[in-house]
Amino acid sequence: MDKTFSLIKHRRWYYALSLAVILPGLFALYFHHVHDHHALNWGVDFTGGDSIELQITDPFTTGDVRQVLQGFGLGDAVIQTSGQNNLFIRTRTLTQDQTNQIIAAVKNKFPHSEMLQEDTVGPEIGAELQSKAIMGVVIGLILQVIFISVRFRSIRFAIAADVALLHDLLVVIGAFAITQIEVDSSFLAVLLTVAGYSINDTIVIFDRIRENLNMRTREPFEPLVNRSVLEALVRSINTAMTAVLAIGAVYLFGGATIRPVAFGLMVSIVTGGYSSIFNASPILVDWYNWDERRKARTAGTGARPVRAASAPEPALPSGDGAARGDGGMVPVLNAPVRSGASRRRRGGRRRR
């Protein structure tokens with residue numbers, strides 16, 4: 001008796017859990033869009049702003065510079081270093097007086113500093129980035145559908161993988177909407193990581209399903225998929241946990257600049273591993289079951305009606321029945337069958 005634990009059997013609960021995770025993110029997107037007029041906390045790359053490049057020869061850290069900017073309400077500014085002395089600061093759009101005050105405060109904190117360049121980034125670049133990001137995601141989904149359909153010779157695998165990928169994208173976007181972490185150009189890298197990791201993990205499980213389909217041709221589809229998922233389960237969990245631990249260390253010790261990216265990567269890896277196991281494969285099973293039921297209904301509707309077996313029709317009396325001991329009854333199923341004696345008697349009454 002097969003006592004293998006059935007993950008696929010409880011797939012309705014997995015769908016409910018996914019819905020419970022996605023809905024708060026969608027609600028946060030709608031809430032911030034209505035009240036704050038922006039669904040996500042768009043950064044300078046999308047909204048436009050000012051960019052200041054400084055050269056500081058004094059010893060400094062990005063944390064020291066951020067403390068200076070917090071006095072101007074710019075604690076969320078993007079601060080990056082280049083080499084040992086160059087510093088880049090990206091903030092929202094500032095007036096010239098505000099820019100001069102910031103530069104003066106930095107020079108007061110670090111006497112050996114000099115402004116190298118000041119630029120203003122318009123919101124047009126942000127609109128272009130948004131359109132290209134959306135276009136890139138759409139094109140990627142279409143190409144994945146084509147590739148997976150060809151690879152597995154079935155569009156079911158492709159659609160199931162893309163539904164799981166859409167689940168992951170909604171979870172990550174919802175997480176940024178709930179936390180209101182600033183979204184900049186690195187957010188595109190997070191979305192691409194979501195797509196790559198989710199599809200990669202899903203393909204590994206689908207490959208195992210295909211291998212078992214070739215080896216276990218008589219096993220029902222649902223137990224076969226469950227067996228395949230369990231065979232790849234440990235690998236998927238170990239891969240996800242290893243990546244999450246490494247990126248978690250970057251999130252804790254990497255500084256404020258890298259934390260948004262690390263946060264998005266951790267969420268994407270967790271949800272990508274979950275959807276590959278608990279969404280993509282169950283969707284494949286549900287689609288298969290639905291298709292089998294549809295074929296059964298079609299076969300039942302299109303087949304010729306089969307007459308049910310009925311009780312035997314009354315037998316005709318037979319002249320020699322008493323001798324046989326059967327009461328002179330001959331069973332008749334479809335057409336009346338007369339005994340030879342009966343035919344002779346009828347033949348004797350014919351007119352000549």
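Read-outs: derived from the displayed coordinates by stated rules, not from any lab. Values in this document were obtained by computation on a predicted structure and should not be read as measured data. Reconstructed Cβ throughout: ideal geometry from the backbone, glycine too, with neighbour counts over all protein chains shown.
Some observations on this one:
- Shape summary: the stretch 229-299 maps onto an equivalent ellipsoid whose semi-axes, from the alpha-carbon gyration tensor, are 39, 13, 4 Å in decreasing order.
- Projecting label points 7 angstrom from Cα along Cα→Cβ for Val138 and Val250 puts them 3.0 nm apart.
- Cα gyration tensor category, rounded, prolate or oblate, for the stretch 49-121 with a/c compared to 1.5: rounded
- When only the Cβ of Lys, Arg, Asp and Glu is charged (+1, +1, -1, -1), the dipole of the stretch 49-121 relative to its Cα centre reaches about 180 debye.
- Other-chain or far-sequence residues with amide H under 5 Å of Val183's (modelled H): Asn41, Trp42, Gly43
- DSSP-assigned coil residues among trypsin sites (Lys or Arg not before Pro) in the stretch 33-130, each with at most 15 further Cβ atoms within 10 Å: Arg92
- The stretch 150-216 shape via C-alpha gyration tensor axes, a/c threshold 1.5: prolate
- Residue-count net charge about Asp58 - beta-carbon cut-off 14 Å; Lys, Arg +1, Asp, Glu -1: 0
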